[in-house]
Every structure is written in C-alpha cells, then in structure tokens.
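No value in this document is a laboratory result; all are computed from the given coordinates. Computed from a prediction, not measured in an experiment: that's the story for all the values here. For neighbour counting, all protein chains shown are included, and Cβ atoms are generated from backbone atoms with ideal geometry for every residue, glycine included.
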Ligand code: NAD
Ligand code: MG
C-alpha cells in the first residue's frame, strides 16, 4: 500500500492506494465515529463491490448500522432529484450528525455523496472509495463536490473534504478500457503540467499501465495524487495555481459542449485538448517540435485521440472557449506549456496562433 497525506490544516486527510483496500475495515473504522454508515453507490458498482465493503465493516464492528443507497448509473442522474434520494435514505434511517457517508464508485458517486454529506445536518463525515482511474487521481482529491443543473455542469456544490480516501487498484480490472484511457489523460496531465520525471516514467511504463499492472498503477496514482495534493494545498479554493489543473480542459470543454456531453468521455476530450495546448505552445515558440511529438506519442500510447472530431469547426471552438470561467474581461486565458513539465496560465492577446493551431487540427 502506498500512502500520502493531504495537508489542509484541520481538514487534512490520508489517501491510501493499493490492491484489496475495499476490505480494509481497519483503515475505515478510525474515521467512522458514530454507529451509522450509509454506503452510496450505483447499479453497476453495487453487484461488483458493495458486498465486499459491507461485509468487511459489519464483521469488524457488528454494532454498526449500515444502510445502502443505490443510484442509477450515469452523469444524467447527477442532479438534485437524485441527490435527494441520498437524504431520503438518511432521514428514513433516522441518521444523526454522527453518521458517516461512504462513496463507492467513480466521480459521479463521489461528487454526489460529498455534496450530500456537506449538506446533511449542516455537514457529516464522508469517506471516498473511488473505483475509476479518474476518480482515484482526480475527483476524490481536493474536496470539490456537487451536482449538475439543467443549465450547467457542476453548477451546484460545496467544498467538503473527505476524512479518508482508499483507492483500490484492483477495482480498475473491471473498468471498461475506454474509461481507463480517459483516466490516464488526467495522469498524463500531471506529468505535463508539473513533473518532468513523472512524464519520462510514463513514457516508459504506459504500455504496462494500460495492461493493468497493479504495482505500476498504484505508483502512477500516488504520483498523480501527490501532484494534485500539492496544488490543492497551495490553493484550496481555486484562486491561483489550481487553475493549472485545467491544462487541456479549455479545448476539451469546447469539444464536450459542441459534441453534447456523453459522445466523447471527459478524459478523451482533455487528451485531445492537451495535444492542442501543446501544439499552440509550440507555435508560440515555448516547446520544441520534438517535445510536441513526445506529447502526442504519449497520448496515443494511452489510446487517447489527439485530433478533434471532424465535425468541429474553428468557430465552434472559439465560441465555446470564449465562455470559459478563466477568462477575464473578455480576454481568452489558457493553460499552456512553457516547457514539458511546466505549465502556465496565459492571456492570449493575439489570436493568430490559436487560429492556425485549430485550423491545422481540423484540416
Ligand atoms: P463515472 O463516475 O460516471 O464512472 C464511469 C463509468 O464507470 C460509470 O458507468 C460507472 O458506473 C462505471 N464504473 C465505475 N467504477 C467501475 C469499476 N470499478 N468497474 C466497472 N465499472 C465501473 O465517471 P468518472 O470518470 O469516474 O467521473 C466523472 C465525474 O467526475 C464527472 O461528473 C465530473 O464532473 C466529476 N469530476 C469531479 C472532480 C472533482 O474535483 N470533484 C474532478 C474531475 C471530475
Ligand atoms: Mg478533468
């Protein structure tokens, strides 16, 4: 098992990564203060892993009252209506302020459970058991929780840190390959934006990671979490450096918006977005053509797209990118690569290079 500590003062917590952690009641119990536990999961994950977690806890502490809330699977259900189902279960079971919520699933379940915990009786403990690569390296770290509104993704939410994160790498064995690749986009992102050593390690290990090598996956996850944890510890509420985590995301969001959510996975859009960000960085004279090729090769080794969907247009990109949250006073702000392993948030004053970058990707 590999571990790291996220240092956020009194909101600090540990992240443990390794195989067979779902059954480690000894790790969970110190963070369960009352007798009441609600495990939140979905219809895909419940038959795979719910019993493991439930049985381990019940055997280790028979007096625990363990309830379940099994939500339908999908981003489409990450809304207030389905959030309410979690609160319904808590109230029906008579759970009090010492209740603990356990999120067992990917980012959708983690975000919803965290938000439910933040609001229930003004805040109860919660624990993350992330089961997708994306949630193990990204959404379970940093305390952003929430749900979607019909007019915008993740528009309702709260910062609410978990008490513990257990990332069981064995769960990745049942993950569909496309989801594994999508999570790998965020892993590569950490190398590109802040850690050249990690990037070089990924260049060597990606084939084995994609085949599900447990030891290497644990190492990739811990290095990714360390990178995110360092950035979050400096900027918990996203006033500054946390923006660097958006490398590839401005282009990526444009693809997701234009294609409609669900067509491309988020990680696929971000993968392509990072290829475009690297291309633009090269046009600005920041990284070399050789570094651009290295970046693209890495993304391709993770089976991620490096070109946008052919139905996109330059105008569609510019339109979608113009409404990005990072923009200030109508000026386009983007995270680009000053060099491999070092990202920077820049304000684009002239748009010629951006036009050329998009036009050539869409040729
Ligand atoms: P997801 O939670 O929808 O999971 C992807 C799919 O894999 C689902 O169908 C799920 O049921 C299935 N699945 C999960 N674990 C499995 C397993 N071990 N075996 C088989 N199938 C499994 O998607 P995701 O990519 O994990 O998360 C995306 C969500 O995370 C989005 O809603 C996004 O907004 C959010 N997110 C939040 C943050 C944050 O900081 N809070 C960061 C990034 C993303
Ligand atoms: Mg992302």
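Here the Debye sum runs over all C-alpha atoms of the chain as equal scatterers in vacuum, and log10 of I(q)/I(0) at q = 0.06, 0.10 Å⁻¹ comes out as -0.22, -0.60.
Calculate the translational D of the stretch 265-320 in whole µm² s⁻¹ from Stokes-Einstein, where the hydrodynamic radius comes from the Kirkwood formula applied to all Cα pairs, the temperature is 20 °C and the viscosity 1.002 mPa s. It comes out at roughly 182 µm²/s. Take every DSSP beta bridge whose two residues both sit in the chain; close to 45 percent of them are antiparallel. The largest-to-smallest principal axis extents of the Cα set in the stretch 222-308 are 34, 33, 26 Å. Express in % the proportion of alpha carbon pairs of the stretch 204-363 at distances exceeding 21 Å. The share of Cα pairs beyond 21 Å in the stretch 204-363 comes to 48 percent. Contact order for the chain, expressed relative to its length and based on alpha carbon pairs under 8 Å spaced 6+ residues apart, stands at 15 percent. The GNM of the chain, with springs linking C-alpha atoms under 10 angstrom apart, assigns the highest mean-square fluctuation among 350, 116, 301 to 350. By the beta-carbon count within 10 Å of each Cβ, the least crowded to most crowded order of 41, 347, fewest first, is 347, 41. Equivalent ellipsoid of the stretch 118-259: semi-axes from √(5λ) of the C-alpha gyration tensor, largest first, are 25, 18, 16 Å. Rounded, prolate or oblate: which fits the stretch 277-363 when a ≥ b ≥ c are the square roots of the eigenvalues of the alpha-carbon gyration tensor, with rounded for a/c under 1.5 and prolate only if a/b beats b/c? Cα axes put the stretch 277-363 in the oblate bin.
Using Cα pairs closer than 8 Å and at least 6 residues apart in sequence, work out the relative contact order for the stretch 157-284, in percent. For the stretch 157-284, the relative contact order is 27 percent. For the options 102, 70, 221, a Gaussian network treatment of the chain with springs between C-alpha atoms closer than 10 Å singles out 70 as fluctuating the most. Normalising by residue count, the stretch 210-253 has a Cα convex hull of 86 Å³ per residue. With springs only between Cα atoms under 10 Å, which of 254, 60, 302 fluctuates most in a Gaussian network model of the chain? Fluctuation is largest for 60. Using a/c under 1.5 as the rounded threshold, could you call the stretch 58-183 rounded, prolate or oblate? The axes a ≥ b ≥ c are square roots of the C-alpha gyration tensor eigenvalues, and prolate needs a/b larger than b/c, oblate otherwise. It comes out oblate by the Cα gyration axes. On a per residue basis, the convex hull of the C-alpha atoms belonging to the stretch 1-142 measures out at 107 Å³.
When the Kirkwood hydrodynamic radius is evaluated over all pairs of different C-alpha atoms of the stretch 32-114, what value in angstrom, to one decimal, is obtained? One over the average 1/r among Cα pairs gives 12.9 Å for the stretch 32-114. Each peptide in 125-136, 208-219 receives the mean, over its residues, of other Cβ atoms within 10 Å, and ordering these scores from highest gives 125-136, 208-219.
The Cα center of the stretch 244-322 and the Cα center of the stretch 108-174 differ in position by 26 Å.
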